[in-house]
Each structure stands twice: as C-alpha cells, then as structure tokens.
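Notes for the one structure printed next.
The values are calculated or read from the model by the stated rules, or taken from the named source; none is laboratory data. The shown structure was predicted, so the numbers you read here are calculated from the model rather than taken from an experiment. Cβ atoms come from the backbone with ideal geometry, glycine included; neighbour counts cover every protein chain shown. Ligands, DNA and RNA are stripped out before the accessible areas are found, and what is left, the full protein with its side chains, is counted by its heavy atoms. Shrake-Rupley method; radii C 1.70, N 1.55, O 1.52, S 1.80 Å.
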Amino acid sequence: MNTTSSNLEKNLRVLTDRIGVRLAGSPQEYQAAEFIAETFRQYSSCVTIEKFPVRERCVTSEQLQVQIDGKWQDFPCSLFSSAPSTDGRRIEAEMVFFDTATGYQRSDLSFLTGKAVVHLGCHVENEDSYRRLMEAKPAFILFVDTRFTGTVQLADGLFPAYVKKYGAVPSLNVAYMDVWKWLRGKAARAGITVSGGIRESETTVVVCDLPGTEPDSGFLCAAGHHDTQAGTVGADDNAIGSVSSIELARLLSARPHRRTVRLFSFGAEEQLSVGSASYIRRHREEVTRNGIFMCNFDTMGSALGWAEFTVNANDALRGLIADTFHKHDIYYVEHTAPCPYTDQFPFAACGVPGLWLYRKNCFAGNYYHHRVDNTPDIIGFEEAAKLVHAAADLLTDLADRENIDPFRGIPAPLQGRIDAQFNAVYGGF
C-alpha cells in the first residue's frame, strides 16, 4: 500500500506541479497525455494516444464590473468553456436575478432579453430550458454555483451539444457570496470584457492495453481524466484519477490475465466528457461487442470524507462490487441512477456496465470543486491507494473468471434512461 500511495503522489505532482493547469486542447493537456503514455509504457508496449477535435478555451483576459450604489466595482469571474467571448469589447446591461429553481416554470422569459442575467444555478441541464433561455437573447449570463456557497468563483462549461444546437452568449461563473453583495447593495448594471475565447484544437485520449491470454473473451476498462477546468491544477479533478489508472497498470501487469484490461486517461472530460464520448463514437462497435465493465476514477482523492459509488449494473455485478470493496474495509453510498457527468457514462450508453468511484467531503460534493485550491495538499493518498487496490482486485476477478456472462449488460429500464440522457445531453451517437 505504501508503494501505491507514494506512486500516486509522485505521478500526481508531475501533473499538478510540473505541468499545471491542463485545459482541453491546450499544450499542457498534451504534455500530460505524453507523460501518462510514457509512464504506461513501463508496464505495457501497447500504448497509444488518440486525438479528437475539441474547442480550446484561450482566454487572455476577463473583467467583470458591477454598478453598486452608483459606483462600478470589479469582481472575479471565469468564462465558461464553449461560451463565446466579447472579443475585447465591453458589454454592459441591466441586471436581472433569475431564480432557476422556479424561473423556468414561467411561460414567458422575454424579461431576460438584453439583460445581464444572474443565473442561480451552475448548469442548464434541461434542453428545453436552455433553448428558451437562448431564445430570450440575454446580453450575457453570470452563473452562480448554488451547490458551494463560497467566496471564490468556480470554473465550468456549457454543454457542447446544446451550444451546437442552440448557440450561446458570453457566460461567466461568479462567486456565490459576491452575488449577495450585489443584491444587498442594490446592484443595477453589470459590464463584462473578455479577450481571447475559443479556438479549434485537439484533445487527447491515452489508451494502454494489458493484453489477455484469450483476446476474444472481451475486455475490461478503467479510466481517469487528465484535463482540468480553468485556473486549477485539478489534483482531485482529476489528476488522482489518471495516476490511479497508471498504478492499476503496474498492479495488473504483474501477471497475464484471461481477458484484456484496457486503461485510459481521457482529455476534455471537463467539456462534458468530449474525450470519452469521441472515443466511444469512433470505437462503438468494438466497445459494444467486447466491453465487459468500466471502472472510472474521478474525484476520489479527498483526504476527508466518504466514498460514494455510482453503479450502472445488474444485481450480480453490484453484489460482486460490494463484496470486493467490503473485503478491503471500504464501505460506500451506492447510487444507481445514471450520471452524465463522468467518463463512465458514454460506455454505459454502449451497454457496458460500470462504476464511478468518488469521495465527497460535503453533501454537495467537494468544497474545492473546480477551484484554485484543488491542490495536492487536499489529497489523502492512503485512502486513494485503498480504492485502487480494491479496484485492482475487482478487475482481476472479472479478468480471470471463466464465465463472465452473469455480470454483463445493464438492466433494460436503466439502459433506457441512459440512452435517453445520452441522446438529450450528448446529442447521441
């Protein structure tokens, strides 16, 4: 266990300290992919880097000013990935506070037209709501992450499929407590200026195969993602996931297994899993036919907290997962509803059962979510090592079993929900 925890920290610090922020499509994201591929090659000769189109966030400056009691004040902000910039022009508009918990019940959103919309909610998850918001033609949107009531703005992104279908306006994240200042100070207007913006680029997917002795018997998958949001080195989101995949390569390459184990590190997860969805679209037939299981590590390194697993599988596989992790003294809160915000989800859309391992430290998730303080000091490397060893045992069991059929597939009602979400949020295959 000490070897695993020290390996996790050593490799994680290369990603966070030496490379730093790793935006999808950026040179730093590619540096991360090259490092991960090079490290994988210590354990396998079957390592490749695949590239896929992506829109890179290339913001050079961003400014938000709010008029409070007649005076303009500066506040921090972060342009959403996939959102347009202002091309260096200042856009100013009257502010409207929009309560999204009930606001989309309104039949008419025209009161948002031409306004600076303070949007209480970090995403527009419903496609029809996003369509209506864009049809209202706000001047720009200031998103407030109501999950984390902090003093620091988060970074985030719009759903690429929604943007492609309905367009977008400049959209920025702002700090929750700053919004309170605006409300109490009777803020009237806001102005934004964003230089730089979006350029066409390529994201990276690192693939490492540990070939099985029976290559026609299917393959098992495990993955993390190496890209980050803007302004954060992403120690727990998700450098820890990528280096966990590397450590699995070390543990599982000690001897051959019946089935192939395919390990990934995905790029562009922070743009709604563009990397994994692109990989699935390119390899859909192979994954649907031969994919057996997908184990996804994402945000599972918090030193303080508890484990929560999202499991999309039948009862037999759910039972095997529970038995395996309990043997390692790991207990967890289980969720079975599909979650579209992970690299496991596109595999589930191909009918491959899967598991997303993560650790929370507050009921909303993790207090440092998409923030500048998502740094190595918040990682519990021993706790992460326990999860990696338990996952290695689970993958070994599935890789060596003679009969894998009882664990294959996703129950039909759950598969139907996954398919509907994949079509709505990802735009389908």
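Can you tell me which residue within the range 49-78, out of those that are out of contact with any His (no Cβ under 9 Å at 6 or more places or on another chain) and small (Gly, Ala, Ser), is modelled with the lowest pLDDT?
GLY70
Check ASP209 against each of (1) closer than 14 Å to ALA37 by Cβ; (2) buried (at least 22 other Cβ atoms within 10 Å of the Cβ); (3) more than 15 Å from the chain's Cα centre (by Cα) and name the one condition it does not meet.
The single condition ASP209 does not satisfy is (2).
Are any residues in the range 6-52 out of contact with any Gly (no Cβ under 9 Å at 6 or more places or on another chain), in contact (Cβ under 8 Å) with a residue 60 or more places away in the chain, of a type outside the set (A, V, I, L, M, F, W, C) and part of a helix (DSSP H, G or I), and if so, which ones?
Those that are out of contact with any Gly (no Cβ under 9 Å at 6 or more places or on another chain), in contact (Cβ under 8 Å) with a residue 60 or more places away in the chain, of a type outside the set (A, V, I, L, M, F, W, C) and part of a helix (DSSP H, G or I): SER6, ASN7, GLU9, ASN11, ARG13, ASP17, THR39.
Are there any helices (runs of 4 or more DSSP H) wholly within the range 283-396 with 1 or more residues that are among the hydroxyl-bearing types (Ser, Thr, Tyr), and if so which?
Hits in the range 283-396: 284-290, 315-327.
Looking only at residues in the range 54-68 that are under 22 Å from VAL274 (Cβ atoms) and out of contact with any Gly (no Cβ under 6 Å at 6 or more places or on another chain), which one is most open to solvent (accessible area, probe 1.4 Å)?
ARG55
Within the bounds of the range 234-257, is there any residue that is in a strand (DSSP E or B) and over 14 Å from the mean Cα position of the chain (by Cα)?
No, the range 234-257 contains no residue that is in a strand (DSSP E or B) and over 14 Å from the mean Cα position of the chain (by Cα).
Among ARG359, ARG318, ARG281, which is the only one that is within 19 Å of the chain's Cα centre (by Cα), of a type in the set (Lys, Arg) and more than 27 Å from ILE378 (Cα to Cα)?
Exactly one of ARG359, ARG318, ARG281 is within 19 Å of the chain's Cα centre (by Cα), of a type in the set (Lys, Arg) and more than 27 Å from ILE378 (Cα to Cα), namely ARG281.
Would you please list the contacts, defined by Cβ atoms under 9 Å and residues six or more apart or on different chains, that run from a residue in the range 61-78 that is over 19 Å from ARG371 (Cα atoms) to a residue that is open to solvent by 40 Å² or more (accessible area, probe 1.4 Å) and β-branched (Val, Ile, Thr)?
Short answer, once both residue conditions are applied: none.
Has the range 33-40 got any residue that is open to solvent by 90 Å² or more (accessible area, probe 1.4 Å) and closer than 30 Å to ASN7 by Cα?
Step one: filter the range 33-40 for residues open to solvent by 90 Å² or more (accessible area, probe 1.4 Å), giving 38.
Among the residues that remain, those that are also closer than 30 Å to ASN7 by Cα are: 38.
Yes, the range 33-40 contains a residue that is open to solvent by 90 Å² or more (accessible area, probe 1.4 Å) and closer than 30 Å to ASN7 by Cα.
Here is a yes/no grid of residues against (1) of a type in the set (Lys, Arg); (2) touching a Leu at 6+ places or on another chain (Cβ under 8 Å); (3) buried (at least 23 other Cβ atoms within 10 Å of the Cβ):
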site	(1), (2), (3)
ASN361	no, yes, no
GLY365	no, no, no
ASP373	no, no, no
ILE379	no, yes, yes
GLU382	no, no, no
HIS389	no, yes, no
LEU395	no, yes, yes
ALA399	no, yes, yes
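Within the range 327-343, is there a residue that is surrounded by fewer than 18 Cβ atoms within 10 Å (Cβ to Cβ) and either without any contact (Cβ under 8 Å) to a residue 12 or more places away in the chain or of a type in the set (A, V, I, L, M) (or both)?
yes
Within the range 420-429, track down each residue that is in a helix (DSSP H, G or I) and without any contact (Cβ under 8 Å) to a residue 40 or more places away in the chain.
ALA420, ASN423
Pairs please, first residue from the range 377-393 and in contact (Cβ under 8 Å) with a residue 60 or more places away in the chain and within 8 Å of GLY301 (Cβ to Cβ), second anywhere and open to solvent by 50 Å² or more (accessible area, probe 1.4 Å) and among the charged types (D, E, K, R), Cβ atoms under 6 Å, 6+ apart in sequence or on different chains.
Listed by first residue and then by second, the contacts come to PHE381/GLU9.
Residues of the range 150-171 being open to solvent by less than 20 Å² (accessible area, probe 1.4 Å), out of contact with any Ser or Thr (no Cβ under 6 Å at 6 or more places or on another chain) and over 10 Å from SER81 (Cβ atoms), which ones?
Residues satisfying the conditions are GLY150, LEU154, PHE159, TYR162.
Of the residues that make up the range 398-419, is at least one over 17 Å from LEU220 (Cβ atoms), in contact with a strand residue (DSSP E or B) (Cβ under 8 Å, 6 or more places away or on another chain), at pLDDT 95 or above and in a helix (DSSP H, G or I)?
Looking through the range 398-419, at least one residue is over 17 Å from LEU220 (Cβ atoms), in contact with a strand residue (DSSP E or B) (Cβ under 8 Å, 6 or more places away or on another chain), at pLDDT 95 or above and in a helix (DSSP H, G or I).
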